[in-house]
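The values are calculated or read from the model by the stated rules, or taken from the named source; none is laboratory data. Being a predicted model, the structure only gives us computed values, none of them experimental. Heads up, the Cβs are rebuilt from the backbone with ideal geometry, glycines too, and the neighbour counts pull from every protein chain shown. Surface areas here come from the heavy atoms of the whole protein model, side chains and all, with no ligands, DNA or RNA. Shrake-Rupley method; radii C 1.70, N 1.55, O 1.52, S 1.80 Å.
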Amino acid sequence: MRHLILLLGDQLSLNSAALAEFDPAQDAVLVIEAPSEATVVWSHKARIVMFLSAMRHFAEEARARGWTLDYVALTDLGQKTFAERLAEALARHRPKALKVLEAGEFRMQSLIASACQTAGVACHWVDDTHFMCSRTEFAAWAKSKRELRMEFFYREMRKRHKVLMQGAEPVGGQWNFDQDNRSSYPKKTGPGEIPLPAAFAPDAITSEVIAEVEKHFPDHPGTARNFFWPVTREQALTALDNFIRLRLPNFGKYQDAMWTNTPAGWHSLLSAALNLHLLDPREVIAAAEQAYRDGRAPLEAVEGFIRQILGWREFIRGVYWLDMPAMREANHYGHQRDLPRWFWTGETHMACVRDCLQQTLAYGYAHHIQRLMVTGNFALLAELSPQQVEDWYLAIYVDAVEWVELPNTAGMALHACGPRFTSKPYVASGAYIHRQSNYCSACRYDPAQRSGERACPFTTLYWHFIERHAKVLMSNPRTALMAKNLNRLSEAERAAIRQQAARMLSQLDAL
Ligand SMILES: Cc1cc2nc3c(=O)[nH]c(=O)nc-3n(C[C@H](O)[C@H](O)[C@H](O)COP(=O)(O)OP(=O)(O)OC[C@H]3O[C@@H](n4cnc5c(N)ncnc54)[C@H](O)[C@@H]3O)c2cc1C
Ligand code: SF4
């Protein structure tokens, strides 16, 4: 055999660069399911189903094309790990080389390299052209920059890929319409009717996977009972079309809004399909831009959406590969507290956190502001260990792959990487959550109370954080105002906050 082409669970595209020179007469494709991949972190049942079902559907397509496919199923080799399964496949096929697209995880990349070395098989890494900025291009852009900022990278990407451009200028005369994208839902009427995202009832393959997951991973968090995610390219294209037609027009305006029992808002829910390569980011961006050019969606919505994919998604991946493996250990503030148990059950008195966790356990999904400003904000204010929080985020969302999960958690939510690629810590008090949602109206806590029986943990811990880091926050123009506001509090009030914060931090499980 010439090439054994290993396709990982997040590389499910028939256009994969690893398949560019595929010759069924001399090459074979290898796909490996392994129980160890569901237990590296304690994965949500829906996340395991997402990957396995998409892999099995992909295998069907490969077989229909007459490819030689070696598919190692979950139960084929007992509890053998991914590394052991790969080693056996290398021994079975004895290829001249293993060909594989750059992995989405540093751990997986090292594991594959070492399996090849042990087996004495050459390993050909192929640039992952799914992404619009290669790792080399990103490293060249980042070279000599001490601190990396998405906004400047994004402008380069807009120019390079000619997205929303009018000659050398951005369409609409400005690069970023973020200021127009922060509305909350009307407090009196709520979000109103939001068109539902596309949902796909489990077919025979998905149903079989759900049954296997229930059997082999019965105590894993979350449920697969509500599974509705796209698991084939065809379904992913339907989900894209649904979003562009029905939901994109209001995506921007309500991007930061939250409301009880409104898990998706106007968001796209395309991250899992993108991360498993069922969708190409170029086609998603082109569809959004076309909607603007046809007058079907306003510029602020389209620019806001494109910025997430062409800007944040590419930037985050670049930073991950640049800063690994150190990023996994980063802990700017030296936080060490354990993750409260209710992160896995949703059983907390904080209504905002409860809603975000319960929808996460039900669907494996929460939108960006819920991840950043509710669970992430809490984790930072409560001084939780970044590594424990990172493991949780990697386990709990259907779209979680480490290259995108880790920089978002360590860098964005926890500021564990310091100012490396975010200009400030994203901390906010209960007032922010109150403004952006209706959560507080059904909560035992009061967002305006800093101390006392009904003090909101976000509010108390926010002021505690500001006081602890006042000096550094004062020296940063983006956070100086936060620190200055501390002076509005009397010394007695600050002492009460300190005491309240100490009580809360010592019994996080009870909040
Ligand atoms: C702590 C934390 C952990 C996260 N973990 C993940 C993760 O494991 N996997 C993941 O795909 N995203 C992650 N994100 C980013 C973002 O929250 C999700 O991509 C988004 O919520 C997915 O929902 P959506 O498809 O409806 O996105 P939309 O809001 O509709 O956005 C459109 C697309 O833009 C991309 N995107 C948006 N924001 C980001 C971002 N910050 N970084 C990279 N891509 C982005 C996604 O591909 C998304 O599908 C995380 C964010 C935070 C704060
Ligand atoms: S009062 Fe505080 S804990 Fe309760 S919902 Fe509002 S922000 Fe969340």
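A few points about this structure:
- Cross-link table Lys187/Lys424; Lys145/Lys253; Lys45/Lys215; Lys253/Lys484, entries beyond 21 Å C-alpha to C-alpha: Lys187/Lys424; Lys145/Lys253; Lys253/Lys484
- Mean shadow area of region 208-312, taken as a quarter of the surface of its Cα convex hull (nm²): 7.9 nm²
- Volume in Å³ per residue [convex hull over Cα atoms, computed for region 456-511]: 78 Å³
- Here region 77-120 is described by how far its Cα atoms reach on the three principal axes: 28, 25, 15 Å, from widest to narrowest.
- What a 1.4 Å probe finds exposed on the chain is 51% carbon and sulfur by accessible area, rounded to a whole percent.
- Cα gyration tensor category, rounded, prolate or oblate, for region 120-164 with a/c compared to 1.5: oblate
- In terms of its C-alpha gyration tensor, region 128-226 has an oblate overall shape, because the principal axis ratio a/c (a ≥ b ≥ c, square roots of the eigenvalues) is not below 1.5 and a/b does not outweigh b/c.
- Rg of the Cα atoms in region 273-402, relative to 2.2 N^0.38 Å, amounts to 1.23.
- The largest-to-smallest principal axis extents of the Cα set in region 70-174 are 59, 29, 26 Å.
- Taking Cα atoms only, the orientation of helix 45-64 departs from the longest principal axis of the chain by about 30 degrees.
- For region 1-147, the equivalent ellipsoid derived from the Cα gyration tensor has semi-axes of 24, 20, 17 Å, listed largest first.
- Accessible area in square angstrom per residue, region 380-509, 1.4 angstrom probe: 39 Å²
- Beta-bridge orientation, the chain: approximately 10 percent antiparallel, per DSSP, counting only bridges with both partners inside.
- Furthest towards positive pole of dipole, His469, Gly172, Tyr439, structure part the chain, Cβ charges: His469
- Electrostatic dipole magnitude of region 90-240 [Cβ: Lys, Arg +1; Asp, Glu -1; Cα centre; debye, to 20]: 580 debye
- For a modelled paramagnetic label at Gln179, 7 Å from Cα along Cα-to-Cβ, no residue of region 300-329 is in reach, as no backbone nitrogen comes under 11 Å.
- Cysteines without a disulfide-compatible neighbour (Cβ-Cβ under 4.7 Å), the chain: Cys133, Cys352, Cys356, Cys417, Cys440, Cys443, Cys456
- Region 230-316, accessible area per residue, ligands and nucleic acids excluded (1.4 Å, Å²): 31 Å²
- Treating each Cα of region 1-83 as an identical point scatterer and summing with the Debye formula, the log10 of I(q)/I(0) at q = 0.14, 0.16, 0.22 Å⁻¹ comes to -0.49, -0.63, -1.08.
- Percentage relative contact order, the chain, counting C-alpha pairs under 8 Å, at least six apart: 16 percent
- Charge tally in the Cβ shell below 11 Å around Pro95, where Lys, Arg are +1 and Asp, Glu are -1, Pro95 excluded: +3
- Potential extension, Asn261-Leu14 segment - 0.36 nm per residue separation minus Cα distance: 85.2 nm
- Compactness of the chain, taken as the C-alpha radius of gyration over 2.2 N^0.38 Å, stands at 0.99.
- Size of electric dipole in the chain: Cβ of Lys, Arg +1 and of Asp, Glu -1, about Cα centre, debye, nearest 20: 1540 debye
- Gained length - Arg2 relative to Ser36, 0.36 nm times residue gap less alpha-carbon distance: 9.4 nm
- Shape of region 360-511, Cα gyration tensor, a/c cut at 1.5: oblate
- Under-5 Å amide H pairs with Met165, H placed in peptide plane, nonlocal only: Val171
- Ellipticity estimate at 222 nm from DSSP helix runs (n ≥ 4, -39,500 (n - 2.57)) divided over the chain, nearest 500: -12000 deg cm²/dmol
- Cα convex hull, region 425-471: 64 Å³ per residue, rounded to a whole number.
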